[in-house]
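First comes the structure, then the notes that go with it.
Coordinate-derived values only; no laboratory data. Predicted model only: the values in this text are computed from it and were never measured. Cβ coordinates were reconstructed from backbone atoms using ideal geometry, including for glycine residues, and neighbour counts include every protein chain displayed.
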Amino acid sequence: MRPDPTGEHTARLIVEGAGVGLVLLDSELRVRAWNAWIARASGIETGAALGRPLAEVVPTFFEGHEPELEEVAGTGGYRFLSALLHPELLPLREPDGSYLVHDVLLSPVEASGERRWVLLTVRSVAEHVRAYRDLERLFTQVAEGKRVWEATFDAVGELIWVVDPAGLVLRANRAVARRAGRPFSEIVGRPCGEVFGVPDCDACLAATPDGGEGIARCLGPDHRFAVYPVGDGNRVCVAVDLSPIRRAWAQAARAEKTFSLVRLVAGAAHELNNPLSAIAGAAEVALLTCEDPGLRRKLEIINEQAHRAAGILRRLQEFARLRPGGREPVDLGGVCARVLSGVSVPEGVRVVRDCPPGGLPRVMGQADRLESLLAALLDNALRAVGKCGEVWIRGRHDSESDHVEVRVEDTGPGFPPEALPRVFDPFFTTREVGQGAGLGLSECQGIVADHGGTIEAANRPEGGARITVRLPVRGSRPGDLIPPVGTQDRMPAGLPTSH
């Protein structure tokens with residue numbers, strides 16, 4: 001091979017074989033070198049570019065970046081032009097004809113005279129852009145996954161929080177914030193015992209260093225507590241409130257006992273009807289011929305009490321009877337209004353209906369039975385306050401559980417503490433003898449259970465009684481409640497109501 005003492009041939013080979021575009025401009029910004037890469041990408045042959053001003057070869061680039069070219073040629077320095085900041089630099093194309101994403105580095109080249117030559121180094125950044133866009137898509141997917149995870153985390157009804165090895169809370173869901181009664185800013189970074197009101201308490205975490213179930217003293221025995229290690233010494237704590245499940249099972253047990261008892265009574269009532277009919281018939285026949293006033297009065301009492309007993313037995317049979325019925329959307333606000341319009345309120349009693357301005361969501365059920373339910377509860381409240389007091393019917397929508405809640409409250413004496421556990425038992429009453437059969441709240445419990453809801457009795461802190469009825473909206477979330485056994489579609493019979 002013949003030596004190349006000047007190195008010019010070698011330099012040309014390097015320029016032509018370079019994997020980037022190289023364009024050399026003299027001090028007057030005329031093209032002195034135009035390598036094969038830039039010729040292929042621009043579609044302008046090297047011979048057509050050499051010796052011509054850049055303003056003629058690629059006028060759009062020259063007009064857009066003339067100040068940068070003049071500055072590099074005059075004062076020196078480097079200028080970097082990125083396709084990410086400029087929609088288009090040089091009109092370059094990929095082999096398939098699509099626009100070639102690129103950037104341009106303007107470098108000064110020392111030359112004699114005051115002005116320098118300028119070297120344009122053109123580089124394809126398509127791979128970088130594709131990698132950037134892939135990274136951007138990945139970031140978007142991660143951000144969306146994080147958003148969905150956080151929304152799911154917050155939507156879980158159980159208490160969930162994450163603690164570090166020192167027992168400090170790293171993350172907590174909304175259920176924890178509601179239970180603690182604190183904003184997240186007062187939860188994150190604090191010991192979990194302090195969050196729940198028991199400072200310097202790490203007994204539950206110390207008892208489960210490797211995970212497992214335990215007792216959370218700060219939450220009480222109604223919560224099942226479990227710890228799950230997640231690496232780096234962090235642990236996920238989960239606490240499930242068991243009190244609703246226990247109440248549901250207790251309600252189911254009471255309802256089963258009620259149903260069994262009612263069936264027994266219904267059978268006995270059927271057997272007692274015949275002798276009562278005979279007694280009433282005999283008394284009526286005797287009245288036809290009896291002329292003794294004292295004896296007639298006794299016969300009348302026998303007849304009246306026989307008919308009264310027969311009426312009670314009929315109501316018992318109605319109470320035990322099963323009746324299938326169609327369900328339809330029911331407006332509880334309208335039911336409350338109808339009940340209030342048909343009740344007689346004593347002059348000294350004030351009845352207040354408190355429902356949201358926009359009304360309540362509809363529930364699936366039987367309007368007549370729900371009307372009987374609210375009428376019985378209202379009658380109880382009015383009897384409790386007597387001739388002076390206040391009664392409230394309050395309605396609201398619990399959006400979290402999607403239930404409609406109706407409360408009937410009064411300013412009466414309330415329930416005796418010893419009576420509260422038994423108020424829904426059949427034949428239990430707090431009234432005087434002869435004032436009620438004790439079937440009112442038991443029947444109300446059956447109606448509510450048939451509609452997939454719950455009913456609770458309590459005393460108001462200010463005094464008086466409170467009955468809370470919760471019914472699912474349009475039959476939503478049926479699996480949330482354990483329906484009482486044997487009470488489906490039990491028919492209300494207008495029985496005497498009783499606290």
Completion exercise
Cα convex hull volume per residue for the range 366-415, in Å³, equals 91
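For the range 24-177, what class follows from the C-alpha gyration tensor (a ≥ b ≥ c being the square roots of its eigenvalues): rounded when a/c is under 1.5, otherwise prolate if a/b is larger than b/c, else oblate?
Details: a/c = 4.88, a/b = 2.87, b/c = 1.70.
Note, shape of the range 24-177 comes out prolate.
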Exercise for the section: Apply 1/(1 + (r/R0)^6) to the Cβ-Cβ distance of Y78 and D154, taking R0 = 56 Å, and write down the FRET efficiency to the nearest 0.05. Expected result: 0.65
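To the nearest 20 debye, what is the magnitude of the charge dipole of the range 54-184 about its Cα centre, counting +1 on the Cβ of each Lys and Arg and -1 on the Cβ of each Asp and Glu?
Working: 15 positive and 20 negative charges, 238 e Å.
Roughly 1140 debye for the range 54-184.
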Handout entry: Calculated from backbone phi, Karplus (6.51, -1.76, 1.60) coupling profile of the range 56-73 in Hz, x at Gly/Pro
Key = 8, 6, 9, x, 5, 5, 4, 5, x, 9, 4, x, 5, 4, 5, 5, 5, 5
Practice task
Might you report the magnitude of the Cβ-based charge dipole of the range 291-419 about its Cα centre, with Lys and Arg at +1 and Asp and Glu at -1, to the nearest 20 debye?
Solution key: 380
Handout entry: Within the range 335-373: backbone nitrogen closer than 11 Å to the R394 label point (7 Å, Cα to C-beta)
Key = 354-355
Practice task
Normalising by the residue count of the range 124-174, find the relative contact order in percent from Cα pairs under 8 Å and 6+ residues apart.
Solution key: 23
Practice task
Name the residues whose placed amide hydrogens come within less than 5 Å of the amide hydrogen of I44, ignoring near sequence neighbours (fewer than 5 apart) on the same chain.
Solution key: none
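Classify the range 32-73 from the C-alpha gyration tensor, please: rounded if a/c falls under 1.5, else prolate or oblate depending on whether a/b exceeds b/c. Don't skip to the answer; put the middle values down first.
On the way: a/c = 2.04, a/b = 1.83, b/c = 1.12.
It is prolate, given that a/c is not under 1.5 and a/b is the larger ratio.
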